[in-house]
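J.: My questions all concern the structure below.
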Amino acid sequence: WAAELQVGYSATDADFKFKDKTTGLTLKGTGDVNVLLYELNALYYFNPEATNIFYAAAGLGGVSVDPDGAGSDNGTSFNLGVGGKFFPSDSPWYIRADARYRYVSSILGDNLSGFEATAGMGWTFGK
């Protein structure tokens, strides 16, 4: 098994809509939206000694959202998924791919959920 810290930041120009917690009104806008995701994930390796390693993942963390002119908000994030690490040779470098379901509660008056797929490269220390 392993633990990983996941941090992501996105700054984009977008249309947004949310329910104001104080007034109950639905607000709409267009502008910059900054999103920060931070999670601690646990990975369980099904075959840790193999060349191609498959795993299950679960994590818990938070999300901070700051749309222009609409105030910022924080929510709790949970994810659950599966993936694999593929070592092209007897090297510490690997290619990683996974798919996860993510749920974010109480962000800007709404609960959000969806599926995501990620891919990347990594380095294993001590291999």
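J.: Whether any residue in segment 61-73 is in a strand (DSSP E or B) and loosely packed, with under 14 Cβ neighbours inside 10 Å is what I want to check.
T.: No.
J.: Filtering segment 37-60 down to residues that are assigned to a loop (DSSP other than H, G, I, E, B) and open to solvent by 90 Å² or more (accessible area, probe 1.4 Å), which residue is farthest from Asp90 (Cα to Cα)?
T.: Ranking the candidates gives Phe46 first.
J.: Moving to a separate point now. Just the residues that are surrounded by 12 or more Cβ atoms within 10 Å (Cβ to Cβ), aliphatic (A, V, I, L, M), over 15 Å from the mean Cα position of the chain (by Cα) and in a strand (DSSP E or B), please, taken from segment 96-127.
T.: Answer for segment 96-127, where residues must be surrounded by 12 or more Cβ atoms within 10 Å (Cβ to Cβ), aliphatic (A, V, I, L, M), over 15 Å from the mean Cα position of the chain (by Cα) and in a strand (DSSP E or B): there is none.
J.: Taking segment 100-127, which residues are free of Cβ contacts under 8 Å to residues at least 40 places away in the same chain, within 20 Å of Ala42 (Cβ to Cβ) and aliphatic (A, V, I, L, M)?
T.: Ala117
The values are calculated or read from the model by the stated rules, or taken from the named source; none is laboratory data. Because the structure is a prediction, the values reported are computed rather than measured. Glycine also receives a Cβ, built like all others from the backbone with ideal geometry; neighbour counts cover every protein chain displayed. The area values use the complete protein model at the heavy-atom level, side chains included, leaving out ligands, DNA and RNA. Shrake-Rupley method; radii C 1.70, N 1.55, O 1.52, S 1.80 Å.
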